[in-house]
Amino acid sequence: MTRTPPQGRPKRVACLGAGPAGLLAAAQIKAARPGWTVDVYERAPEGETYGYGVVFSDTAVRTIDFIAPSLGRLLAAQVTWDAVEVRARGRRHRSAGHGYVALSRHRLLAELAGRAAGAGVALHYGLAADAEVLSTEYDVVVAADGAASRTRRALAGELGARTGLGRSRFAWLGTTAEFDAMTFIFEETAHGPVVAHGYPHGDGVSTFVVELPATGDPAAAAERGRLEQDLGHWSDVFGEHLAGHPLQAKELRWANFPAVRLDRCVHGNVVVIGDASHTVHYSVGSGTRMALEDGYYLARALHRHEAVADALAEYERRRLPSVRALQDAGERSMRWFENAPAHLERPGAQFSVHLLSRAVLPVAAKVRAEAPELVEEATRVVAGGDYRPTPDGALGLPLDVGGLRLPGRLVLDLGDGTPQDTVPRDAPYGWVLAPAGRPAGGGAVVTADRLADHLAGPASRHPADPPPLVVVDMGACPPDPVRAGGEAAALSAAVAGRSGGRAPGAVVAVRSTVAPAGGPASGEAVEALLARLRAMRAAGLCELADLDAGPGGDTGPEAVLDALEWADAVRSALGIPVMLSGFRARPDQAEPHILAGRIDAWCVRGAARAEGGA
């Protein structure tokens, strides 16, 4: 705390919920304002907890050590490990260098409750309370009443609450089986694939979250629903990994993950924090960290400002934007596990890299250092039968596109007006797209006449020479699949008429702008893009899908991750190579996604980027 403002009348603060957010907020507020009255109301009896272990990354531990040193010291004495292990279809792949700490939820809450009581907070267990009533009796009401928050539901309109449910069903279980890594297990059953997230947390027990991805088969879904309460069944499903140890549950609950986002977290003198304000999917392990940070930053704001309204306004202004990146990562991870049945079709090593890179832009050198055998195996998968190690890793592997072989996966687009002879001969590009290689650019309308001229190729080309690569820039795709497919079919027909029905003398890549569409790949928008590409491909005019940031589009990390989801959807549906163009990420951040099979090539812009920058 940096300064103490003038003291006015001592305030009264009520915290709803004795979870991590409510307890830390109460303790920190009381420590910052010793003269204030701080009460915590928890509807459950003292000592009653749901769930097993709570996990923190090593980065989160450093943050917690700063905001609550005694809690940091407790975490330092808990179970630690640094590996992630993926088990699927009889294969195991391990990646080191991650760094985790875990402890039981019961121990964490006991520590937080002890800190709060020691600071002078009054803890009221087994006592339900209502925020609306408390707001007339207290100066501040901190609603930390969980993902199912009654306070948030009551104020949904005022807070701009947006809630939804994930498609998978999950249960928070435990086992005495030992794990020494963050372990992701995939087993296939008669009713579809199932997933487990296992990790140690001390006290002789490991956390074991079982997740059931949604199935399109109503009969299989009904049978899985019937089996949900049968712990013996799930112990058998994962028996190989449990080494004979049964699964256990403090209270067996199956649910769909609640996705919670707020536009505002303050209404009057009520502030909503923790899972009541924002949830983060359990597969990224950041929900408890965010809850603790909420409590700390709220207490700091109340310490800095004498006026409660000013303090709450500062908290809302600073805190909400800072949680969104983690929420985005959590939602990407949740979608990945929901689609796990489709991902399992990938070769084992590629599947593991796909999982590890599901919500991040990792640097290739780091991935290689953490899991060299996995990277080597995935590189061989990408290379196929023609594998020769290259100094540029996967970026140096050749790529066959139609009748054209690109000697590498890194492509340079010179744009309009950059002479091709300005590119250094030793630049690490598999291909250079000169202006002549694009019949239309910048979202301009592609005309059949101009495209047909480019597709004919140079009249003097020797038959043994590789065909030229032509990038057809079709701009943003109409959001309606029928319209998108119709426009592409009309263009294809016009080109065929112009060329007399002859096959094109060039290999064609269709460039589509995806960044301005915003958000991850989903629903009708993806179907529209697929309709466009299918129509072009049916006419022999699409050997590669080029997904582009577009002029003025968002090219930052979140946009890159969104585009990677689009690319994955296109590649999986059409089975053709996919390239990303114009996004702001380094090629060595794209390389792990080539290994994962999301994309096949990465395109950078401008001759000044000969060093491979983005």
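The values are calculated or read from the model by the stated rules, or taken from the named source; none is laboratory data. What you see is a predicted model; the values in this text were computed from it and never measured. Methodologically, a virtual Cβ is constructed for each residue, glycine included, from the backbone with ideal geometry; neighbour enumeration extends over all protein chains shown.
Okay, residues lined up against (1) surrounded by fewer than 17 Cβ atoms within 10 Å (Cβ to Cβ); (2) more than 20 Å from the chain's Cα centre (by Cα); (3) outside the structural domain of L404 (by TED's automatic domain parsing):
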| residue | (1), (2), (3) |
| --- | --- |
| G486 | yes, yes, no |
| A489 | no, yes, no |
| A496 | no, yes, no |
| E524 | yes, yes, no |
| A528 | no, yes, no |
| G550 | no, yes, no |
| V570 | no, no, no |
| R586 | yes, no, no |
| I594 | no, no, no |
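Of V363, V367, all but one fail to be among the β-branched types (V, I, T), surrounded by fewer than 17 Cβ atoms within 10 Å (Cβ to Cβ) and over 28 Å from G274 (Cβ atoms); the exception is V363.
Within segment 186-235, which residues are in a strand (DSSP E or B), within 19 Å of G166 (Cβ to Cβ) and out of contact with any Leu (no Cβ under 9 Å at 6 or more places or on another chain)?
The initial filter retains those residues of segment 186-235 that are in a strand (DSSP E or B), namely 186-189, 192-200, 206-212.
Still in the list and also within 19 Å of G166 (Cβ to Cβ): 186, 192-197, 207-212.
If the condition is that a residue be in a strand (DSSP E or B), within 19 Å of G166 (Cβ to Cβ) and out of contact with any Leu (no Cβ under 9 Å at 6 or more places or on another chain), then H197, E211, L212 are the ones that fit.
Among all residues of segment 241-260, there is none that is more than 25 Å from S333 (Cβ to Cβ) and buried (at least 20 other Cβ atoms within 10 Å of the Cβ). Only residues that are free of Cβ contacts under 8 Å to residues at least 60 places away in the same chain and either of a type in the set (A, V, I, L, M) or touching a helix residue (DSSP H, G or I) at 6+ places or on another chain (Cβ under 7 Å) (or both) were counted in segment 79-109, giving 2.
Scanning segment 250-272 for residues that are more than 28 Å from the chain's Cα centre (by Cα) and modelled with pLDDT under 95 yields K250, E251.
Conditions tested, residue by residue: (1) part of a loop (DSSP other than H, G, I, E, B); (2) assigned by TED's automatic domain parsing to the domain that holds Q229; (3) more than 23 Å from F184 (Cβ to Cβ); (4) out of contact with any Cys (no Cβ under 9 Å at 6 or more places or on another chain).
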site: E251; (1), (2), (3), (4): yes, yes, yes, yes
site: N256; (1), (2), (3), (4): no, yes, no, yes
site: A259; (1), (2), (3), (4): no, yes, no, yes
site: S283; (1), (2), (3), (4): no, yes, no, yes
site: A291; (1), (2), (3), (4): no, yes, yes, yes
site: A299; (1), (2), (3), (4): no, yes, yes, yes
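Pairs are defined by a Cβ separation below 7 Å, a sequence spacing of at least 6 or placement on different chains, a first member in segment 305-326 that is farther than 17 Å from V142 by Cβ and without any contact (Cβ under 8 Å) to a residue 60 or more places away in the chain, and a second member that is of a type in the set (V, I, T) and surrounded by 15 or more Cβ atoms within 10 Å (Cβ to Cβ); the pairs so defined are L326/V280.
In the set D130, D139, which member is without any contact (Cβ under 8 Å) to a residue 24 or more places away in the chain, of a type outside the set (K, R) and in contact with a helix residue (DSSP H, G or I) (Cβ under 9 Å, 6 or more places away or on another chain)?
So the residue among D130, D139 that is without any contact (Cβ under 8 Å) to a residue 24 or more places away in the chain, of a type outside the set (K, R) and in contact with a helix residue (DSSP H, G or I) (Cβ under 9 Å, 6 or more places away or on another chain) is D130.
Look through segment 41-57, keep the residues that are hydroxyl-bearing (S, T, Y) and within 22 Å of V210 (Cβ to Cβ), and return whichever of them is surrounded by the most Cβ atoms within 10 Å (Cβ to Cβ). First the steps, then the outcome.
The first filter runs over segment 41-57 and keeps only residues hydroxyl-bearing (S, T, Y), leaving 41, 49-50, 52, 57.
Then drop every residue that is not within 22 Å of V210 (Cβ to Cβ), which leaves 49-50, 52.
Details: T49: 16, Y50: 13, Y52: 24.
Taking the candidates together, the pick is Y52.
Contact annotation: residue pairs with Cβ atoms under 7 Å, 6 or more positions apart or on different chains, pairing a residue in segment 569-588 that is touching a residue at least 60 places away in the same chain (Cβ under 8 Å) with a partner that is small (G, A, S) and part of a helix (DSSP H, G or I), are S572/A342; F583/A559; F583/A563; D588/A364; D588/A365.
What are the residues in segment 142-158 that are out of contact with any Asp or Glu (no Cβ under 6 Å at 6 or more places or on another chain), hydrophobic (A, V, I, L, M, F, W, C), surrounded by fewer than 20 Cβ atoms within 10 Å (Cβ to Cβ) and touching a residue at least 60 places away in the same chain (Cβ under 8 Å), if any? Passing the criteria: only A148.
Looking only at residues in segment 201-222 that are more than 27 Å from the chain's Cα centre (by Cα) and under 23 Å from M334 (Cα atoms), the one that is surrounded by the most Cβ atoms within 10 Å (Cβ to Cβ) is A220.
Condition check: within 23 Å of H98 (Cα to Cα), charged (D, E, K, R) and either out of contact with any Asp or Glu (no Cβ under 8 Å at 6 or more places or on another chain) or surrounded by 21 or more Cβ atoms within 10 Å (Cβ to Cβ) (or both). Does E188 satisfy that? So E188 does not fit the description; no. Inside segment 58-76, can you point out the residues that are of a type in the set (K, R) and either surrounded by 13 or more Cβ atoms within 10 Å (Cβ to Cβ) or within 26 Å of the chain's Cα centre (by Cα) (or both)? R62, the sole residue that qualifies. Taking the criterion of being within 20 Å of R62 (Cβ to Cβ), at pLDDT 95 or above and small (G, A, S), the residues of segment 278-329 that qualify are A291, G295, A299.
Suppose the filter is aliphatic (A, V, I, L, M) and modelled with pLDDT of 95 or more; does L356 pass it? Yes: the conditions hold for L356.
Within segment 159-185, if we keep just the residues that are of a type in the set (S, T, N, Q) and touching a strand residue (DSSP E or B) at 6+ places or on another chain (Cβ under 7 Å), the residue that is surrounded by the fewest Cβ atoms within 10 Å (Cβ to Cβ) turns out to be T163.
Per the conditions (1) more than 17 Å from I599 (Cβ to Cβ); (2) in contact with a strand residue (DSSP E or B) (Cβ under 9 Å, 6 or more places away or on another chain), the sole criterion not satisfied by L356 is (1). For segment 123-174, the helices (runs of 4 or more DSSP H) that sit wholly inside it and include 1 or more residues that are more than 36 Å from the chain's Cα centre (by Cα) and modelled with pLDDT of 95 or more are 131-134.
Of the helices (runs of 4 or more DSSP H) lying entirely inside segment 1-97, the ones with 1 or more residues being more than 30 Å from G126 (Cβ to Cβ) are found at 58-67, 69-76. Only one of the listed residues (T163, T136) is out of contact with any Asp or Glu (no Cβ under 7 Å at 6 or more places or on another chain), β-branched (V, I, T) and under 29 Å from F337 (Cα atoms). That residue is T163. I need the full set of residues from segment 102-137 which are crowded, with 16+ Cβ neighbours inside 10 Å and farther than 19 Å from G19 by Cβ, in order please. If the condition is that a residue be crowded, with 16+ Cβ neighbours inside 10 Å and farther than 19 Å from G19 by Cβ, then S135 is the only one that fits.
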